[in-house]
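K.L.:
Okay, here's the structure, questions in a sec.
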Amino acid sequence: EFCSSLAGIMLLEVLLVLGSLLIYFLFSKKKEEMLPFKDGWWGRGQKPVTKEDSSIRPFKVETTEEELSDLFRRLDQARFSEPLENSCFHYGTNSVHLRKVVSYWKNQFNWKKQVEVLNKFPQFKTKIQGIDIHFVHVKPPRLPEGQAAKPLLMVHGWPGSFYEFYKIIPLLTDPASHGLSDEHIFEVICPSIPGYGFSEAPHKKDFNSVSAASVFYELMLRLGFNEFYTQGGDWGWLICTNLAQIAPNHVKGLHLNMVSVSKLGLTHLLSVLLGRCFPRLFGLQDEDIRRMFPFLKKGLYRILSESGYAHIQATKPDTAGCGLNDSPVGLAAYILEKFSSWTDIEFQNLEDGGLERKFSLDDLLTNIMIYWVSGCIVSSMRFYKENLQKGIGTQKHEKLTVQVPTGIASFPNEILHTPQAWAKKKYTNIISFHFMPRGGHFAALEEPELLAKDILQFVDKVEKEQLWKKK
Amino acid sequence: GFVIYWFVSRDKEETLPLEDGWWGPGSKPSAKEDESIRPFKVETSDEEIKDLHQRIDRFRASPPLEGSRFHYGFNSSYLKKVVSFWRNEFDWRKQVEILNQYPHFKTKIEGLDIHFIHVKPPQLPSGRTPKPLLMVHGWPGSFYEFYKIIPLLTDPKTHGLSDEHVFEVICPSIPGYGFSEASSKKGLNSVATARIFYKLMSRLGFQKFYIQGGDWGSLICTNIAQMVPNHVKGLHLNMSFISRNIYSLTPLLGQRFGRFLGYTEKDLELLYPFKEKVFYNIMRESGYLHIQATKPDTVGCALNDSPVGLAAYILEKFSTWTKSEYRELEDGGLERKFSLEDLLTNIMIYWTTGTIVSSQRFYKENLGQGVMVHRHEGMKVFVPTGYSAFPSEILHAPEKWVKVKYPKLISYSYMERGGHFAAFEEPKLLAQDIRKFVSLAELQ
């Protein structure tokens, strides 16, 4: 106990030293300039002289007997290591439970059926900046007289995919059939980040979130959308943020279910140290306090214990991903661990990691199959290096603010909590910030209805404000 | 004031308490543990080799980014070449014979079957007894790393060296590594391992012995010296963990202050520019440590199922930790200091025993509670110590730093060349320094 209080004091001093070193950042005002569009060419070899084919081609997910029998052989011959006694999910994915998942995967999971499920929404591919971009494009089945569908770009993250949106899409494109108001109806576009799923992986170095945002911006323009909404969490949060910074005049509204602040300064430090005693002084609400403190446990230790994957992926992605692209069971263990701890950190105390409490095995395995059949795990990990290799807080876009109307849905079991007081330093036009009653990191998949409702009320606010401004 | 208190370790000559443990599956049986020492031979089978070949054949590679060399980790274009050698030329049966050239044994300690090799000198000048020397490996190494240095220590005369010091060498496998049984219980850390190895030496009849190690071996041997200093004649290390040590912050003051503080030209060369050589280096190279110290079962799962994935993961270290500049090379400079046979033999030890996950758990057991939380981190070491500073070691430890933790440092050498896997890469240089140290230690 003495040691931990000593550790606390040492931590205090380290933080104070860091704080005083960062003091000048307090005075550097964030600039309101735009982020430049990042052009690039990510194809193999040299960029050809001929103009790029910009056609939009329909795409269908397919599978073969060979693909399935190869998978089954690997599942059959998987080599497991016994877990330590009473370790639950504290050492990572528990192999005893993993064996059960693998058994289901082999004997009950029906990939052919899941492929049909994937194909129920129209999918397309189109070449942008040298690589084939995959996306789902769902139009509303019916529209009331005189109403136009609002285009909504939804971007996934890691280790997710476009499939995470399959439950929320109907709530947004066809709200009336799901008991929701049809005041706002959307046509939804869910692309796959280059290097993820069915989008081609970049062949050149330096494809980061700004590159992805630029590619998706080109996609929306190609689809004929001049104004659209964007929504995202995980990498989707950053890509949509960058898009709002690149093309603020085209982004009507930015909705996020995750926010991360990278420019930390003295105020953040003081909030952490004194926030519990003087919450209002730092703009913290009761729910912020509940989610953030005790800070060592919910902040620092959580970051350290949960960011090992990000550290290795940001430095040696090709090493980390090599085995994962060769062992489906290893890939499943790696990905499922996130669907456990990032849904509820307490799930680590359960023998089964609480995996099936909020998700069906079919959904979890379908997401994993997307990584497996496309062989994209390594390229998906490289995105971490491209974004984080220079360190957090060093990139240009991190220093710029976002003026586009922003809505934030703050889920209680998200890995780290960002209070509105911190978010509004970056997102200067937050018109909606709500503490969601339940749910974690994979919001769209876990709580589609809650998320859809928050998106709807946000869009409603944006539209009404626009109308008022026009008047 | 607190900062100073925190960094100044206690100076009194305390020892690490010798506790006890039991790591086998289930509850500890009431019957007394079988203490017999049983001979052991590495074996293989057609089935084992066929399974390996099948997995290699169906390996799915991801093409590297153009011009990425080894900056994103192990380059998969070069990996294909390694894999081709592994599949078509590497002879595991022959390597198993090589492994069996030294006598292997197993014995049960604290509930686990501990594997070790025990090599006695083939010839001894009359009237002399060999000096017992315990050598401990690290991660991702194994007892096999010592195969080239052992003859230089047990049979110096045949290798053109003076027979002033002749050793009998004991190389155990850390529990959970290679042929040593893995723990079934949580908590088996370096201190428990140190105690197990001390019990091993005791069981073998050695009352006083030398110990040598790098990587985890360095920490385990340090713990042994802290636990039973009266039994340790001398401690030789080729790597040091930076612990609570006010000196380790002083390089932040800049290169000019460095000279005032007693750093040598060589120290300055290896530590500056500080941001690049220390800070960025640590951040860039410690991803594996971070994930293994938090989620070993997750990261190891695929590695125990994909031999090629295992090879990429391990070989990346044999590239970067031998020389950081090897990241600039398309082939990671892997075969400049090691033969593919040797590298693959080490990997096969992890593969055939299925010990990658248990080997990674050692990181969580030692580092998972945070740094500076274990008692031994604050304690000094009071046995005669020798240190070889290899120039391409991941992080350079100047004599000033080493002396704080090891006040009885009697030998500190800047080695001519070599990196992290010293015994494997530069056996002659390391053997020379061990002998130089032992000469000094014998005088104590």
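K.L.:
Could you list, in sequence order, all residues of the range A:320-374 that are among the basic types (Lys, Arg), within 19 Å of the chain's Cα centre (by Cα) and more than 25 Å from A:HIS134 (Cα to Cα)?
P.N.:
Passing the criteria: only A:LYS358.
K.L.:
Can you report the number of residues in the range A:73-118 which are more than 29 Å from A:PHE347 (Cα to Cα) and either open to solvent by 60 Å² or more (accessible area, probe 1.4 Å) or within 11 Å of another protein chain (Cβ to nearest Cβ) (or both)?
P.N.:
Of the residues in the range A:73-118, 4 are more than 29 Å from A:PHE347 (Cα to Cα) and either open to solvent by 60 Å² or more (accessible area, probe 1.4 Å) or within 11 Å of another protein chain (Cβ to nearest Cβ) (or both).
K.L.:
Tally the residues that are outside any helix (DSSP H, G or I) and buried (at least 20 other Cβ atoms within 10 Å of the Cβ), restricting the search to the range B:416-444.
P.N.:
Final tally of qualifying residues: 5.
K.L.:
Still on this model: Please work out if B:GLU325 is farther than 30 Å from B:LYS400 by Cβ and either surrounded by fewer than 21 Cβ atoms within 10 Å (Cβ to Cβ) or touching a residue at least 12 places away in the same chain (Cβ under 8 Å) (or both).
P.N.:
no
K.L.:
Of the residues that sit in the range B:270-319 and are touching a residue at least 40 places away in the same chain (Cβ under 8 Å), part of a helix (DSSP H, G or I) and among the polar types (S, T, N, Q), which one is nearest to the other protein chains (Cβ to nearest Cβ)?
P.N.:
B:GLN292
K.L.:
Only one of these is under 19 Å from B:VAL83 (Cα atoms) and not charged (D, E, K, R): B:ILE347, B:ILE282. Name it.
P.N.:
Of the residues listed, the single one that is under 19 Å from B:VAL83 (Cα atoms) and not charged (D, E, K, R) is B:ILE347.
K.L.:
Select from the range A:370-382 the residues that are out of contact with any Gly (no Cβ under 6 Å at 6 or more places or on another chain) and either more than 10 Å from chain B (Cβ to nearest Cβ) or more than 19 Å from A:VAL115 (Cα to Cα) (or both) and list them in ascending order.
P.N.:
A:TYR371, A:VAL373, A:ARG382 - these are the residues of the range A:370-382 that are out of contact with any Gly (no Cβ under 6 Å at 6 or more places or on another chain) and either more than 10 Å from chain B (Cβ to nearest Cβ) or more than 19 Å from A:VAL115 (Cα to Cα) (or both).
K.L.:
Just the residues that are within 22 Å of the chain's Cα centre (by Cα) and either surrounded by 24 or more Cβ atoms within 10 Å (Cβ to Cβ) or over 21 Å from A:LEU388 (Cβ atoms) (or both), please, taken from the range A:246-257.
P.N.:
Those that are within 22 Å of the chain's Cα centre (by Cα) and either surrounded by 24 or more Cβ atoms within 10 Å (Cβ to Cβ) or over 21 Å from A:LEU388 (Cβ atoms) (or both): A:ALA247, A:PRO248, A:HIS250, A:VAL251, A:LYS252, A:GLY253, A:LEU254, A:HIS255, A:LEU256, A:ASN257.
K.L.:
Would you call A:GLY330 facing chain B (nearest Cβ under 10 Å), open to solvent by less than 10 Å² (accessible area, probe 1.4 Å) and under 24 Å from A:PHE442 (Cα atoms)?
P.N.:
So A:GLY330 passes the test.
K.L.:
Quick one: how many residues across the range A:419-471 are aromatic (Phe, Trp, Tyr) and under 30 Å from A:LEU355 (Cα atoms)?
P.N.:
3
K.L.:
With surrounded by fewer than 24 Cβ atoms within 10 Å (Cβ to Cβ) and either closer than 13 Å to A:GLU446 by Cα or modelled with pLDDT of 95 or more (or both) as the only criterion, which of A:GLU337, A:GLU356 stands out?
P.N.:
When all the criteria are applied, what remains is A:GLU356.
K.L.:
While we're on this one: Taking the range A:273-327 only, how many residues are buried (at least 21 other Cβ atoms within 10 Å of the Cβ), within 14 Å of chain B (Cβ to nearest Cβ) and part of a loop (DSSP other than H, G, I, E, B)?
P.N.:
So the answer is 3.
K.L.:
Just wondering, is there one or more residues in the range B:339-346 that are open to solvent by 10 Å² or more (accessible area, probe 1.4 Å) and closer than 25 Å to B:ILE224 by Cα?
P.N.:
Taking every residue of the range B:339-346 in turn, none turns out to be open to solvent by 10 Å² or more (accessible area, probe 1.4 Å) and closer than 25 Å to B:ILE224 by Cα.
K.L.:
It is to be established whether one or more residues within the range A:196-210 are at pLDDT 95 or above, within 19 Å of A:THR241 (Cβ to Cβ), part of a loop (DSSP other than H, G, I, E, B) and of a type in the set (Val, Ile, Thr).
P.N.:
no
K.L.:
What number goes with the only condition from (1) under 18 Å from the mean Cα position of the chain (by Cα); (2) at positive phi that B:PRO140 does not pass?
P.N.:
(2)
K.L.:
When residues of the range A:430-440 are filtered for being under 11 Å from A:LYS461 (Cβ atoms) and either touching a Phe, Trp or Tyr at 6+ places or on another chain (Cβ under 6 Å) or outside any strand (DSSP E or B) (or both), how many remain?
P.N.:
1
K.L.:
Also: Name every residue in the range A:39-49 that is more than 14 Å from chain B (Cβ to nearest Cβ) and open to solvent by 100 Å² or more (accessible area, probe 1.4 Å), in order of residue number.
P.N.:
Hits for the range A:39-49 are A:ASP39, A:VAL49.
K.L.:
What residue, among those in the range A:199-217 that are open to solvent by less than 10 Å² (accessible area, probe 1.4 Å) and of a type in the set (Gly, Ala, Ser), is farthest from A:ASN249 (Cα to Cα)?
P.N.:
A:SER199
K.L.:
Return the residues of the range B:352-363 that are buried (at least 24 other Cβ atoms within 10 Å of the Cβ) and of a type outside the set (Val, Ile, Thr); say none if nothing qualifies.
P.N.:
B:SER358, B:SER359, B:GLN360, B:ARG361, B:PHE362, listed by residue number.
K.L.:
Output the qualifying pairs, or none if there are none: Cβ atoms under 9 angstrom, residues six or more apart or on different chains, first residue in the range A:126-140 and of a type in the set (Asp, Glu), second residue open to solvent by less than 10 Å² (accessible area, probe 1.4 Å).
P.N.:
A:ASP132/A:THR126; A:ASP132/A:PRO194; A:ASP132/A:SER199
K.L.:
Could you identify the single residue in B:TRP351, B:TRP401 that is modelled with pLDDT of 95 or more and in a helix (DSSP H, G or I)?
P.N.:
Unique residue meeting the criteria: B:TRP351.
K.L.:
Could you check how many residues of the range A:221-236 are surrounded by fewer than 22 Cβ atoms within 10 Å (Cβ to Cβ) and touching a residue at least 40 places away in the same chain (Cβ under 8 Å)?
P.N.:
Result for the range A:221-236: 4.
K.L.:
Still on this structure, I have one more. Could you list, in sequence order, the residues of the range A:384-427 that are free of Cβ contacts under 8 Å to residues at least 40 places away in the same chain and β-branched (Val, Ile, Thr)?
P.N.:
Passing the criteria: only A:THR394.
K.L.:
Please work out which one of (1) touching a His at 6+ places or on another chain (Cβ under 9 Å); (2) surrounded by fewer than 17 Cβ atoms within 10 Å (Cβ to Cβ); (3) closer than 26 Å to B:THR353 by Cβ is the condition B:PHE40 fails and give its number.
P.N.:
(2)
K.L.:
Scan (1) in contact with a strand residue (DSSP E or B) (Cβ under 9 Å, 6 or more places away or on another chain); (2) open to solvent by less than 20 Å² (accessible area, probe 1.4 Å); (3) in a loop (DSSP other than H, G, I, E, B); (4) within 25 Å of A:PHE359 (Cα to Cα) for the single condition A:HIS184 breaks and write down its number.
P.N.:
Failing condition for A:HIS184: (4).
The values are calculated or read from the model by the stated rules, or taken from the named source; none is laboratory data. All values derive from a computational prediction rather than experimental measurement. Positions of Cβ are backbone-derived with ideal geometry, glycine not excepted, and every protein chain shown enters the neighbour counts. Side chains included, ligands, DNA and RNA excluded: accessible areas come from the protein's heavy atoms. Shrake-Rupley method; radii C 1.70, N 1.55, O 1.52, S 1.80 Å.
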